[in-house]
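To start, the structure under review is shown below, and the notes come after it.
The values are calculated or read from the model by the stated rules, or taken from the named source; none is laboratory data. All figures in this text were calculated on a predicted structure; none of them were measured in a lab. Glycine also receives a Cβ, built like all others from the backbone with ideal geometry; neighbour counts cover every protein chain displayed.
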Amino acid sequence: MKGIAQFPIGMGTGAVYVCLAGVDPTPPKALHIIQTIFFFLNIVLFLLNVTTLALQFILYPRQARRLVTDPGKGIFVPLMVLSFATIIIGTVNYTLPGGGVNLSPTVLYALFWVYIGWALLVCFPMLMIWFNHPHDLSTFTPSWAFLVFPMMLAGVVASNVLKVMDPADSRSLGVLLTGYIFQGLGFFMTLFYICIYIIRIMTTGFLEGQQASGAFVACGPPGFTALALMNLGESARDILVAQNIVSPLAGEVWYAGSVLSALLLYGLAVFFFAFGALPYWFKLHRRLGEILGCWALTFPNAGWILATRKIGDIFNLESFKIWNLVMTIAMCLTWLVLFYFTVLALLRGKIFTATPEEILRDTRTKRPDLELALVASTQVGVGVVSVVPVHSESVRERGSNTLAVPGAHPQADGLMETKA
């Protein structure tokens, strides 16, 4: 498997779970069972992905090094942190009364700081690597913003952890402020990426092919930030009063300001969803080999879908609650379709397979003859390249269309012959 490429599947699975959890705070038994299945499936996928990535680092260190240092592939490295965030959110839901698992707030508090530390350790080095190379803006996609997504999601993680912490606990204030700070940092950084995305489609038109699915990534930052602001504001209303911070009215002011800001960002998220959905069917290339990119239809949209329910609860709008239910059902159906085609693509060898060139570069045993043949094959251009063993005398007879590769045959020099 290609290291980080499988993490979008786990993120999509986590998106289904968090959307289902947001439909009803006290779900019926059938819905609770479905949530449980997706939650533990998400954990299994996360452990499988991390194990696969660890084995890749051990068995194929050169490939792992290229993955991390490649500006194009490196943008997907932070996805492992995002997958961990969905597990923390799911764990919180099972820690709440009636959730089924009783974890102390101290454990979740520790998990929050583990997430923050992991996000910093991954995001900043990857940003340094990415910004150290020039990039062609005509190929820009919103997925390039994945480099700062873990920091942008910190507010959502913080608001979930605060659900199980005592507002009077001094640690709650630290989680609250950290959530606000990192949510602001992550959102504004991703907003700069979104501005570049708008410039790109102004000059080249809507995204096509596999990039068409990446257009939905633009929904993520405003959607998740709207959700985080409403939840953090709700927590601030209790924490600031319980700890007598700033003034008795500070909590209400923070809450009102957070809700107002969230409404503005919510509208932007819905716009980007429509902006990506309307031309999607006409721009998408229907190829199994590009199915992994289609998982962007799931996780980025979870933010504004959950924010829809939150707005419905705050303003007591039944229409928003119904809209949230409809979009959650659509999310589940999308997951089923994507999962089916992903399994089909895997069985047909369209995904998670390395090319012969990658295998040659990653092998532990050095083969100078094959490496020379590979280099020559990439320089031939149009034509079929084959390596055939011949005797040294034949090399001189064939002329300029042949290239000798020493050591390719035990009795004679090897020959790379180009045939038009």
- Query: Just for the range 278-296: of the residues that are touching a Gly at 6+ places or on another chain (Cβ under 8 Å) and in a helix (DSSP H, G or I), which one is farthest from Leu191 (Cα to Cα)?
  - Reply: Glu290
- Single unsatisfied condition, Tyr60 versus (1) touching an Asp or Glu at 6+ places or on another chain (Cβ under 8 Å); (2) under 25 Å from Asn301 (Cβ atoms): (2)
- Can you name the residue in the range 237-249 that is assigned to a loop (DSSP other than H, G, I, E, B) and not hydrophobic (A, V, I, L, M, F, W, C) and, of all such residues, is nearest to Ser159 (Cα to Cα)? Gln243
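Yes or no, residue by residue, for (1) touching a strand residue (DSSP E or B) at 6+ places or on another chain (Cβ under 8 Å); (2) modelled with pLDDT of 60 or more:
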| site | (1), (2) |
| --- | --- |
| Lys310 | no, yes |
| Trp323 | no, yes |
| Phe352 | no, yes |
| Glu357 | no, yes |
| Lys366 | no, no |
| Asp369 | yes, no |
| Val375 | no, no |
| Thr378 | no, no |
| Val382 | no, no |
- Task: Return yes or no: is Ile314 of a type in the set (Val, Ile, Thr), touching an Asp or Glu at 6+ places or on another chain (Cβ under 9 Å) and surrounded by fewer than 21 Cβ atoms within 10 Å (Cβ to Cβ)?
- Result: yes
- Taking Ile181 as the residue in question, decide whether it is under 29 Å from Gly293 (Cβ atoms), surrounded by fewer than 23 Cβ atoms within 10 Å (Cβ to Cβ) and not acidic (Asp, Glu). no
- Item | Cβ-Cβ under 6 Å pairs, at least 6 apart or on other chains, the range 50-73 side surrounded by fewer than 14 Cβ atoms within 10 Å (Cβ to Cβ), far side part of a helix (DSSP H, G or I) and at pLDDT below 80 | Arg62/Asp362
- Task: Mind listing just one residue for me: the one in the range 278-308 that is more than 17 Å from the chain's Cα centre (by Cα) and buried (at least 24 other Cβ atoms within 10 Å of the Cβ) and, of those, farthest from Glu234 (Cα to Cα)?
- Result: Ile305
- Task: Please indicate, with yes or no, whether at least one residue in the range 130-141 is among the polar types (S, T, N, Q), in contact with a Ser or Thr (Cβ under 6 Å, 6 or more places away or on another chain) and either surrounded by 17 or more Cβ atoms within 10 Å (Cβ to Cβ) or not in a helix (DSSP H, G or I) (or both).
- Result: no
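Residue-wise test of (1) in a helix (DSSP H, G or I); (2) in the same structural domain as Ala154 (by TED's automatic domain parsing); (3) more than 26 Å from the chain's Cα centre (by Cα); (4) farther than 17 Å from Ser172 by Cα.
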site: Gly214; (1), (2), (3), (4): yes, yes, no, yes
site: Val217; (1), (2), (3), (4): yes, yes, no, yes
site: Thr225; (1), (2), (3), (4): yes, yes, no, yes
site: Ala228; (1), (2), (3), (4): yes, yes, no, no
site: Ser235; (1), (2), (3), (4): yes, yes, yes, no
site: Gly251; (1), (2), (3), (4): yes, yes, yes, no
site: Ser261; (1), (2), (3), (4): yes, yes, no, yes
site: Leu265; (1), (2), (3), (4): yes, yes, no, yes
site: Gly276; (1), (2), (3), (4): yes, yes, no, yes
- Task: Give the residues of the range 185-204 that are of a type in the set (Phe, Trp, Tyr) and buried (at least 18 other Cβ atoms within 10 Å of the Cβ), sorted by residue number.
- Result: Phe187, Tyr193, Tyr197
- Note on the structure: Asp166 fails exactly one of (1) under 15 Å from the mean Cα position of the chain (by Cα); (2) surrounded by fewer than 15 Cβ atoms within 10 Å (Cβ to Cβ), namely (1)
- Query: Taking Tyr180, is it assigned to a helix (DSSP H, G or I) and within 21 Å of Asn301 (Cβ to Cβ)?
  - Reply: no
- Query: On the given criteria, is Pro142 in contact with an Asp or Glu (Cβ under 6 Å, 6 or more places away or on another chain) and either touching a residue at least 60 places away in the same chain (Cβ under 8 Å) or basic (Lys, Arg) (or both)?
  - Reply: no
